[in-house]
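One structure is given below, encoded as structure tokens.
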Amino acid sequence: MTAAYDAIVIGAGSNGLVAAAALGKAGRRVLVVESHDEIGGLRRSSEFAPGFRVPLSVDTGWLPPTIVRGLALPSIDATTPAIVAAVAADGDTLALSGEPARAADAIRGRSARDAERWVAFTDRLSKLVGFLEALYQLPPPDVDAAMSLGELAPLVSLGRKFRSLGRADMIELLRVLPMSIQDLLDDSFESPLIKAAVATAGIRDIRQGPRSGGTSFVLLHHLVGARAGSVGARPWWRAGPDAFIESVAAAARANRVDVRTGARVASILVREDAVTGVALDNGDELSAPIVVSTADPARTLLGMVDPVWLDPEFLHAVRNIKLRGCTAFVRFALDHLPDIRGLDDSSAALAGSVSLTPSLDAMERAYDAAKYGEVSTAPHIEISVPTLRWPSLAPDGKHALVARAQYAPYHLRGGAPWDDTRSCALGETVTSAIDRVMPGFTDAVLHREILTPADLEARFGVTEGAMTHGELTLDQILFMRPVPGWGRYAMPIDGLYLAGAGAHPGPGVLGGAGWLAAKRILRET
Amino acid sequence: MPSAAVLPTLKTTPFHARTAPLVRAQTWRRWAGYQVASAYEPHPDREYAAIRNAAALLDVSPLYKYRISGPDAARLLDRMVTRDVTKCVVGQVLYTPWCDAHGKVIDDGTISRLDERAFRLTSAEPNLRWLSMNAVGLDVAIENVSERTGALALQGPSSRAILQQLTPADLSRLKYFRLVHTTVREIPVTISRTGYTGDLGYELWVDAERAVALWDALIEAGTPYGLTPAGIWALDLARIEAGLVMLDVDYFSAHRAMIEDQKSSPFELNLAWTVSAGKGPHNGRRALRAERARGSAWGFVGLDVDWESLERIYAERGLPPQLPTVAWRTSAPVFKEEKQIGYATSGCWSPLLKKYLALAHLTSPHFQPGAEVELEVTVEHRRKRANAVVRKLPFFDPPRKKA
Amino acid sequence: MTSSQRYDAVVVGGGHNGLVCAAYLARAGRKTVVLERRPLVGGAAVTEEVFPGFKFSVFSYVVSLLRPEIIRDLELPSHGLQILPLESTVTPLDNGDYLASWADPDESRRELVRHSPRDAEAAIEFGRLMHHMAMAVKPILGMVPPDPSSLAPSDLRGLLKLGGHLRDLGAERFHALYKLMTMSSADYLDEWYEFDPLKATKSASGIIGTFLGPRSPGSAYVLLHHYMGEIDGAFRAWGFQKGGTGAISEAIASAARAQGAEIRTNASVERVLVDGGRVRGVVLENGDEITAPIVVSGLDPRRTFLQLVERKELPDDLVEEVERYKFRGSSGKVNLALSGLPDFTCLPGIGPHHRGAFSISPSVEYLERAYDDAKYGHFSRNPYMDIVFPSMIDPGMAPPGKHVMSIFVQYAPYNVTGGWDDAKREAFGDAVVKTVARYAPNIESLILHRQVLTPADIERITGLSEGNIFQGELALHQLFFLRPAAKSAKYRTPIKGYWQCGAGTHPGGGIMGASGRLAALEIAG
């Protein structure tokens, strides 16, 4: 039997569509199979109440310029948020402008010393982020050669090109990456609220607290693509939250890529150590010599492949990937949007993201619960109102507010289930926390949807509800992602590639893994 | 002033109550954390002779034993070992090594198919963790039955006659590497026609609680036939004659080796016959396929040491040849024209064949039968070399083994 | 009246590193004097008769990593080095059972099988991996860290050597080392073991002397230290020095004197004299001046840079780096004089286990909760403890029939809320004794005397900043070419002739002596 397709891509999220478009552009016949009825994956906006349709995150992620160029995508009109980080706690608020000088002015009222250091701090972050941006557009360094300066040279020159990065900056990067966000911030600032504002991006979607080593890296990771001077927010697309997905889907179709939605892959077919195609859960078998999975590594390698084809050590490594979903989302449909008390530019802040956690200790305490498999009683909550950016996502004059709450660990103590009681309790906690800083909030709520990690797993098929496909700890990035020794997309079965967020460069880099995986496939086959 | 709560250092086997009083010279040794007899008599000669001339009873309980059951039991074992387990019928026993991803041997042992969905795996080292790692995603139960299963090897030309008196099973119909679930004097046992001596013999698997009764029954029925309890020293002589490899002596587990050079593939252990081509996916398949195609760098062979040259190197020091009374387990270099081409890992004087034998790892092309090499022998503190001829294993293979 | 004396080299501080450095300098023919503030040498490695007849290794209490080349070069056994075995570790469990490791491998395996047969197997392979890791790390511990920002030939050579070394490891071991350097000990051990008290007891070694919990990334690599001694040609280097750790210091001092070094106690250095960017000597508290072209500070980086010399002598960025260098003393010590040996419920009676260590680490959660207390400024209510009875190993430590008990306690944060005072110290001591009594109920009736040492006491007595026994946290961002600061990691300082040799330099930590030796070799060229 001859295969109808050269490659089958599992998942029509940004990585899957980018991989498919890149392969299609090179003349390969590609089929994308998507289990949902809509393309777009996790980042896609979805209707959660009649007339209310928003994504789970206002953060659009970073679209690497190499992909835009490589796929010749039309440029997407983007704008930088006015407020890049904000904290609203009982009785005290802070909103930081993306303009470092203006932010420094706002800080001066709290601490003249902090204000003085702000510009230098954001400047330093921006340099270090430049290095990551360079790194994220290349395959992870080859370990056998990684320690030779030769292998690092192209990275350095790329980094230089981006943000005039010198050798001293590289050492600074090596010093900063393993640090805790708390140590990094304590070294520069004294005002608790400023530290709290910056730290949120350092603990986002990771089951670690601000005192944990490596959270400085997490901050830098979330700043790739952010404008210099910004500390938490990246540019957003005026055309809507799904602008990129629609654009890349169009590019894929233009390259003869077929997309089959509502098609759930039951297993990846293997013969003689090579893939032969996929079987869908309706029994259909589709053949292709290449299968590119953008599902998470656990689901792909433990769920779709007969384990006898994989070495026990490899399976052991896959089972040890720290997925650790710990973020819950609550989406509210609002009749109207009340202001945050004490914040002059409440709307501007909510168009970005507002943290309700006033101090690093409060974040740390929220994390403490997760260590023991408990849901934080006072979770770290960030809220945003996507309808302030894109009013058309809700009926006229109405708004949708999305809250993300950490920590809500997937694995609960003693194996307890995520049932309705727990889920509702979390919803109540989040609602009342918002109400405290936004008087009148509860009364404005028309509808509420709670998505615990268990719900995320059920809805999106992400194991343990881990939106990251594997948390961003230092031992799970670069050549260690998804598992040590298999960081370059090709899996131990011939023709099987992993190209989701579980591969380098990880979550939030739109199409990053899909693009690099496609390049490898085109080089090899 | 020892505290009662601290456990003794070594475990004892289910037969300890019977074996302990027999160890006349306190010649104990360690085997897998157990205290076992090197020999019952001060000298192993008679115990060895019993293996080849009458029958010997050996306590092999320290072997690790796992019961593997469930719908995927055969798949688990088949993906783990080099032989084709899917072809193993109920009542059959397979000897097989198992390898890591690089095709290097981790351990070797037997797989007994107890029924359609249950197997017993024996091994020299504990393998529970490795079994569990191989069982990821498979529907299978793994049970360590090592401590609750006693194992006795009844080996030697008279073993069938002794055992047949005690069991209703027709042993004349029990073929080599087959097993039968039966009784011995009403004691439920599994009898497999297997062993580590290269002779006619059986291994008996019994619930630990009935172990002593089984021992007593065998001794009672066997004594008139010259049945003799035998220890590890006697066994060691027999297994060298039979050319059977021993973990930690002739090779290191790939899981324990500190460096690559310490690892061996099945081909390098004279176990090419255990690597089934055309079976389903199994650990190390890519490396093994490549090695089969490429040829191995090492071979595992027998060395037959030339008596005259042995006599000569001793005579140079004014001594008659000093023969080892028990097998040695140290490493001895092997040379060919001043160049070291390998090393011997076990050796002994074979009382039966009247030859000085060794098991050796030799590099290609020196492992062809008939090749002439030199074995280093230390004579009165000086290193000498004795001539030796490479022999195909086993050295001793009596027809009665399979008859 | 001041007098003036002349030497080739002055070593400030008679801790073990200072003594080692002096011995090597004297061996290289330099006229060397060691100046020690206290009446006895040793720093944190001292034996004192705290109560009549009862001798204690007051601070550091076991020998772990004393470099074998130092033992050989200085012929320490002939100067009194005699390390007695400390062969077992018993962890009492909360269910009344215990977990022990004994000197005999079969015995230890049998004990572990009792709790988890799988872990007993894993332990063998884990040991093999750690052995490889120790071999990988050993050359790094023995090398002067190259400055990666420098283009000097010696630094480039060092980098190449390091790169070559890491390449030679091969990908598999490089990955394992990388994981060890970045992960938390709990996560690392989770990949190997299932029996929680085993993981707790092993991870306890990863948190000693740090302000990290077992779940904090960066705590894994100290697991290695237990295996370092095995590959070192210093068989049985882990144990108890006859006469206490002070006897090690005395042995090194004796070796230094034998090489011609002079050692002065009760000689407190007030200031290092600097002239035109070059060191001139030191002035003592009593006004004495000692002239020397080389001054080596064995004190910690804070004292070396911010106290002994004037800030104006140093570049601003170095001052800033030293200011942010983290000490965070986190451990205390309780020394008890006993009328008899305590009876442990889990192993009743007096037995061989009293000649080994007791680890109070019943679960990972226990340790983590102990850390939680410390994070928020309290000593642990239920602390981790490492207990030994030195008088059981060396009867000379206590009057006949009586005993001394050494309890290393964590966490006792230096920055305890409200600061340490007498009442808090005693409350801390009470918490320790109370916790011991949970496992050995008769302890209270046996106590004749009690000495409680908080990090504040350790700082006051030994001079170690914030009571950190390692002269600064062994965290990834403070290791190798970053210890103690990016451009001052090669024992040099920006002041000509002013050197460092304390544990605050690479490789630091424990009674190793490596810093002192490497510094002396650098100085002597």
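The values are calculated or read from the model by the stated rules, or taken from the named source; none is laboratory data. Because the structure is a prediction, the values reported are computed rather than measured. Counting neighbours? That spans all protein chains shown, and the Cβs are built from the backbone with ideal geometry, glycine included.
Below, the figures for the structure above:
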| read-out | value |
| --- | --- |
| Output for segment A:438-492, where each listed residue is farther than 30 Å from B:Pro281 by Cα and assigned to a loop (DSSP other than H, G, I, E, B) | A:Met438, A:Pro439, A:Gly440, A:Thr452, A:Ala466, A:Met467, A:Thr468, A:Glu471, A:Leu472, A:Thr473, A:Ile477 |
| Lone qualifier among B:Ala50, B:Ala118 - being out of contact with any Phe, Trp or Tyr (no Cβ under 8 Å at 6 or more places or on another chain) and under 28 Å from B:Pro324 (Cβ atoms) | B:Ala50 |
| Hits in segment B:35-62 (condition: touching an Asp or Glu at 6+ places or on another chain (Cβ under 9 Å) and within 14 Å of another protein chain (Cβ to nearest Cβ)) | B:Val36 |
| Residues that are buried (at least 23 other Cβ atoms within 10 Å of the Cβ) and in contact (Cβ under 8 Å) with a residue 60 or more places away in the chain, drawn from segment C:387-407 | C:Val388, C:Pro390, C:Met397, C:Ala398, C:His403, C:Val404, C:Met405, C:Ser406, C:Ile407 |
| Every residue from segment B:213-252 that is touching a helix residue (DSSP H, G or I) at 6+ places or on another chain (Cβ under 9 Å) and within 14 Å of chain C (Cβ to nearest Cβ) | B:Phe252 |
| Sole exception among (1) buried (at least 16 other Cβ atoms within 10 Å of the Cβ); (2) assigned to a helix (DSSP H, G or I); (3) within 14 Å of chain A (Cβ to nearest Cβ) for C:Glu107, by number | (3) |
| Segment A:76-93 residues that are within 16 Å of A:Ala239 (Cβ to Cβ) and among the aliphatic types (A, V, I, L, M), paired with ones that are at pLDDT 90 or above and surrounded by 16 or more Cβ atoms within 10 Å (Cβ to Cβ) (beta carbon under 8 Å, 6 or more apart) | A:Ile76/A:Leu63; A:Ile76/A:Trp237; A:Ile76/A:Ala243; A:Ile76/A:Phe244; A:Ile76/A:Ser247; A:Ala78/A:Pro235; A:Ala78/A:Trp236; A:Ala78/A:Trp237 |
| Failed item in (1) out of contact with any helix residue (DSSP H, G or I) (no Cβ under 8 Å at 6 or more places or on another chain); (2) closer than 27 Å to C:Tyr7 by Cβ; (3) surrounded by 21 or more Cβ atoms within 10 Å (Cβ to Cβ), with C:Ile83 passing the rest | (2) |
| Of residues in segment C:148-195 being in contact with a Lys or Arg (Cβ under 6 Å, 6 or more places away or on another chain) and hydroxyl-bearing (Ser, Thr, Tyr), the one surrounded by the fewest Cβ atoms within 10 Å (Cβ to Cβ) | C:Ser149 |
| Members of segment C:339-357 that are more than 10 Å from chain B (Cβ to nearest Cβ), part of a loop (DSSP other than H, G, I, E, B) and buried (at least 19 other Cβ atoms within 10 Å of the Cβ) | C:Leu341, C:Pro342, C:Gly356 |
| Index of the failed condition, C:Asp373 passing every other in (1) assigned to a helix (DSSP H, G or I); (2) buried (at least 21 other Cβ atoms within 10 Å of the Cβ); (3) touching a Phe, Trp or Tyr at 6+ places or on another chain (Cβ under 8 Å) | (2) |
| Members of segment C:145-189 that are more than 10 Å from chain A (Cβ to nearest Cβ), of a type in the set (A, V, I, L, M) and closer than 17 Å to A:Ile171 by Cβ | C:Ala152 |
| Residue list for segment B:257-279, restricted to those being under 26 Å from C:Ile124 (Cα atoms), part of a helix (DSSP H, G or I) and of a type in the set (A, V, I, L, M) | B:Leu269 |
| Set A:Leu315, A:Leu286: member being at pLDDT 95 or above, within 14 Å of chain B (Cβ to nearest Cβ) and either assigned to a strand (DSSP E or B) or more than 22 Å from A:Leu426 (Cα to Cα) (or both) | A:Leu315 |
| Single unsatisfied condition, C:Val63 versus (1) surrounded by 15 or more Cβ atoms within 10 Å (Cβ to Cβ); (2) away from chain A (no Cβ under 14 Å); (3) closer than 30 Å to C:Lys487 by Cβ | (3) |
| Extreme residue, modelled with the highest pLDDT, among residues of segment A:128-145 that are closer than 18 Å to A:Ala499 by Cα and within 14 Å of chain C (Cβ to nearest Cβ) | A:Pro140 |
| Residue match in segment A:376-389 (condition: under 23 Å from the mean Cα position of the chain (by Cα) and within 14 Å of chain C (Cβ to nearest Cβ)) | yes |
| Residue ID - nearest to C:Gly18 (Cα to Cα), chosen from residues in segment C:309-324 that are among the β-branched types (Val, Ile, Thr) and in a helix (DSSP H, G or I) | C:Val322 |
| Selection status of B:Phe367, part of a loop (DSSP other than H, G, I, E, B), buried (at least 20 other Cβ atoms within 10 Å of the Cβ) and touching a residue at least 60 places away in the same chain (Cβ under 8 Å) | yes |
| Complete set of residues in segment A:165-193 that are more than 8 Å from every other protein chain (Cβ to nearest Cβ) and either touching a strand residue (DSSP E or B) at 6+ places or on another chain (Cβ under 7 Å) or basic (Lys, Arg) (or both) | A:Ser180, A:Leu193 |
| Residue among C:Leu336, C:Leu306, C:Leu367 that alone is surrounded by fewer than 21 Cβ atoms within 10 Å (Cβ to Cβ), modelled with pLDDT of 95 or more and outside any loop (DSSP other than H, G, I, E, B) | C:Leu306 |
| Residues being over 21 Å from the mean Cα position of the chain (by Cα), away from every other protein chain (no Cβ under 14 Å) and under 24 Å from A:Ser57 (Cβ atoms) - total across segment A:341-375 | 7 |
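Table: residues versus (1) touching a strand residue (DSSP E or B) at 6+ places or on another chain (Cβ under 6 Å); (2) within 21 Å of A:Arg459 (Cα to Cα).
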| residue | (1), (2) |
| --- | --- |
| A:Ala19 | yes, no |
| A:Phe48 | yes, yes |
| A:Ala72 | no, no |
| A:Pro81 | no, no |
| A:Ala95 | yes, no |
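Let's see how each residue does on (1) at pLDDT below 95; (2) crowded, with 24+ Cβ neighbours inside 10 Å:
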{"site": "C:Val416", "(1), (2)": "no, no"}
{"site": "C:Ala423", "(1), (2)": "no, no"}
{"site": "C:Ala427", "(1), (2)": "no, no"}
{"site": "C:Ala475", "(1), (2)": "yes, no"}
{"site": "C:Arg483", "(1), (2)": "yes, yes"}
{"site": "C:Gln500", "(1), (2)": "no, yes"}
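Yes/no per residue for (1) among the aromatic types (Phe, Trp, Tyr); (2) at pLDDT below 95; (3) part of a loop (DSSP other than H, G, I, E, B):
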position: A:Ile171; (1), (2), (3): no, yes, no
position: A:Ile194; (1), (2), (3): no, no, no
position: A:Asp205; (1), (2), (3): no, no, yes
position: A:Gln208; (1), (2), (3): no, no, yes
position: A:Arg211; (1), (2), (3): no, no, yes
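Residues are listed down the side, and each one gets a yes or a no for (1) of a type in the set (A, V, I, L, M); (2) in contact (Cβ under 8 Å) with a residue 40 or more places away in the chain:
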position: C:Tyr61; (1), (2): no, yes
position: C:Leu66; (1), (2): yes, yes
position: C:Arg72; (1), (2): no, no
position: C:Ser78; (1), (2): no, no
position: C:Ala120; (1), (2): yes, no
position: C:Ile124; (1), (2): yes, no
position: C:Gly127; (1), (2): no, yes
